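These notes are about the structure you will find just below.
Taken together, the values in this text are just the output of simple stated rules run on the coordinates, not laboratory data. Just so it is clear, the model here is predicted, and its values are computed rather than measured. All Cβ positions, even for glycine, are placed from backbone atoms using ideal geometry, and neighbour counts span all protein chains on display.
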Amino acid sequence: MIAPSPLDTLKHHLNTLIADALRSATGITEVNANVITASKPEYGDYQANGVMALAKQLKTNPRELAREVVGELEKTNTALVERYEIAGPGFINIYLSDALLIDRANAILNKPDQLIPLTQLPQCIVVDYSSPNLAKEMHVGHLRGTIIGDSLVRVLERLGHRIIRQNHVGDWGTQFGMLIAHLQEITAEQGDLPVRLADLEEFYKAAKDHFDSDTEFAATARNSVVKLQSGDAAYLAIWEQFIDESMRHCEAVYAKLNVTLTRADLDAESRYNDKLANIVDVLDTQGLLTESAGAKVVFLPEFMGKDDAPLPVIIKKSDGGYLYSTTDLAAIEYRSETLKADRSLYVVDVRQSLHFQQVFAVARAAGLAADSLSLEHIAYGTMMGKDGRPFKTRSGDAVKLVELLDEAIRRAYALVSKKNPGLDEMQKQQIAEKVGIAAVKYADLSKNRTSDYIFDWSTMLAFEGNTAPYLMYAYARIKSILRKQDGGAASTRLDQVTEPEERELLVKILQLPEVVQAVARDCYPNQLSNYLYELAGSFMRFYEACPILKAEDAVRDSRLALSSLVAEALNQGLELLGIKTLEQM
Ligand code: ARG
């Protein structure tokens, strides 16, 4: 064996095996076996595509080289592979051995935790997600970041990485002066703070109207910002109460969504206030700072605007105020120097791409981020309505997240009642809560995150297609089959795979960790949802082709074991998407 495997998966072992053979056959040390899951069953279980590039490099015939490589492979004694086959211009098709597959299945049947093994190279990974602005209530614009971030955190954590969640909430800046001033003015009226802020959105609108229509109030509001930013105790106290109340609104959303963020994960913008002057100093010492129209800015050659004019990153405004970018620079320094992260992920709207490119570049140029720290903007597109326009209420307002989630539960309730009218009230309600929330999350997680996506109740709540209800139903169905066997104890031995559908299903199950690893690397949760959808499809094909309970003893036990493995894979996979399964639906 060579270097410790980052993750003990079939694909990893094949890559190692083929790479060794490529080295022996060519004498070249830098090789890439390029093993992928076979694109068609007639190409085997996996295919190695690395021969062609090497043949090109050596200016030799790729099929010839493939023959030599397979010759090397056949000399190595491995339990993993049954046979190799050369195809097309030099592909190597790989057929895994049934015995090996069965062995792996049995190991997992005894220890379901090992379905997804731990990484041997754990990293410290910061994940900045959700991060709403606390001046307003969470609205649909925060849904995607919250859901995608939550899933990534679950995936990375599951592989054994150390995760530091950072909810970089916007809790500072000029709007808060306005909100405090408005709060002070209406304080004379009845009601304590939670009551007055019960509807944050309304409160924000009222304050804004007040600000826009009353110049005297606008002046008071501006003065409040100054007071707040200079650390006036009375103003800070009101601000803190406001933030606290606003966070309570967020927490209600997190709880409904089954999202793991807590107060301990807060990394509010205000936390960096006293670090900002130092950021300016660092940039200055590094010779990166330029004065432009009274403001302090950084110009980097890689950022040119229209007309080839360089694009400035503003660090400090002419009035002395700092910007969103300045805070992010301070946060990068903290994540690098103090948290010592290996990766720092920012799950933020794609419209902030330029912001992150600039901030990352400035941080690198100024040495605020260690070279070893990987800075990654995990961008996502806008949530659209069925009309193809950004999702809004009928009156054009932002849709509050709490209301959207409540509607999801209501709609799921109607669906469940129709599908299964015999259930009692409490069961229906419990199922509706899980299915409704799962539908919203899954609809988002099953799309490529970088594209805009269309939020559509009827597709996300359908029992057919790549949806949460479909997968949850598939899981519940397998569980009900397992319950029907004598005694109800799950079979824990797989002795044979006879039919092709059984084998296909088994290989698919064993591929879960490869998919999870890809999600951890590239941060596209839709790879996992697509996999789960295919897995459910493999199960359905198996179920149609292979009788389970009616089969004779040995076959029946193996099929039951296989079914319990699928259930395990579905359950663990959905868990990584933040979706709770149901034993019965
Ligand atoms: N609060 C910001 C917004 O709502 C998102 C913050 C994202 N994180 C960051 N480190 N900039 O747009």
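Non-local amide H neighbours of L266 (under 5 Å, H modeled in plane, Pro and chain starts lacking H): which ones?
Residues meeting the criterion, in which the H sits 1.01 Å from N, are N167.
Can you work out D for the range 174-230 in µm² s⁻¹ from Stokes-Einstein, where Rh is the Kirkwood radius over C-alpha pairs, the temperature is 10 °C and the viscosity is 1.306 mPa s?
Numbers: Rh = 11.4 Å.
Calculated translational D: 140 µm²/s.
Taking R0 as 60 Å, what's the FRET efficiency between M540 and A293 from their Cβ-Cβ distance, rounded to 0.05?
Values: r = 65 Å, r/R0 = 1.08.
Working from the Cβ atoms, E equals 0.40.
Where does each of 132-138, 475-481 land if you order them by average Cβ count within 10 Å, highest first?
Highest mean packing first, the order is 132-138, 475-481.
Suppose each label sits 7 Å from its Cα in the direction of the beta carbon; what would the E407-I481 distance come out to in nanometres?
3.8 nm
Under the rule of at least 5 residues apart or a separate chain, name every residue whose amide H is placed under 5 Å from the amide H of H139.
Amide H to amide H, under 5 Å and 5 or more residues apart or across chains, H139 pairs with L401.
Residue separation times 0.36 nm, minus the C-alpha to C-alpha distance between W457 and I36: what's the value?
Working: separation 421, 0.36 × 421 = 151.56 nm, distance 3.55 nm.
148.0 nm is the gain from fully extending W457 to I36.
Take peptides 232-244, 8-20, 302-314, 63-75 and line them up by average Cβ neighbours within 10 Å, highest first, as a rough protection proxy. Kindly include the intermediate steps, with their values, before the conclusion.
Values: 232-244: 15.8, 8-20: 19.8, 302-314: 12.4, 63-75: 17.6.
Most protected by this proxy first, the peptides run 8-20, 63-75, 232-244, 302-314.
Work out how far the C-alpha atoms of the chain reach from end to end along every principal axis, then list the three figures in whole Å, largest first.
84, 68, 40 Å, listed from the longest principal axis down.
K317 versus E202, label points 7 Å from Cα toward the beta carbon: distance in nm?
Going by the 7 Å Cα→Cβ label model, 3.1 nm.
So, in nm, how far is label D349 from label N448 when the simple model puts each one 7 Å beyond its Cα toward the Cβ?
2.2 nm
With r defined as the distance between the Cβ atoms of S230 and N530 and R0 fixed at 56 Å, what FRET efficiency is calculated, to the nearest 0.05?
Working: r = 53 Å, r/R0 = 0.95.
Approximately 0.60, to the nearest 0.05.
Quick one: Cα centre-to-centre distance for the range 21-78 and the range 385-440, in angstrom?
Taking the Cα centre of each part, the range 21-78 and the range 385-440 sit 51 Å apart.
In nm, what is the difference between 0.36 nm times the number of residues separating E64 and M304 and their Cα-Cα distance? Walk me through the intermediate numbers first.
On the way: separation 240, 0.36 × 240 = 86.40 nm, distance 4.98 nm.
Extra length available between E64 and M304 comes to 81.4 nm.
Under a 5 Å amide H to amide H cut-off, with H placed in plane at 1.01 Å, what residues pair with S292 once short-range neighbours are removed?
For S292, whose amide H was placed from the backbone, the distant partners under 5 Å are V297.
What is the Å³ per residue value for the convex hull set by the Cα atoms of the range 256-310?
Numbers: hull volume 10.8 nm³, N = 55.
Taking only Cα atoms, the range 256-310 has a hull volume of 196 Å³ per residue.
Using r as the Cβ-Cβ distance of N420 and E583, and R0 as 22 Å, what FRET efficiency do you calculate, to the nearest 0.05? Walk me through the numbers on the way to the answer.
Numbers: r = 14 Å, r/R0 = 0.62.
FRET efficiency, N420 to E583: 0.95.
Provide the convex hull volume over Cα atoms per residue for the range 230-293, in Å³. Before the final figure, lay out each step's value.
On the way: hull volume 10.4 nm³, N = 64.
It comes to 162 Å³ per residue, whole-number rounded.
What are the ³J(HN,Hα) couplings of the range 455-461, residue after residue, when phi is run through the Karplus curve with 6.51, -1.76, 1.60 and θ = phi - 60°? Round to Hz, x for glycine and proline.
7, 9, 3, 5, 6, 5, 9
Taking every eigenvalue of the Cα gyration tensor of the range 97-225, multiplying by 5 and rooting it, what semi-axes result, largest first, whole Å? Display every interim value, and only then the final one.
Working: eigenvalues 540, 42, 25 Å².
Semi-axes, largest first: 52, 15, 11 Å.
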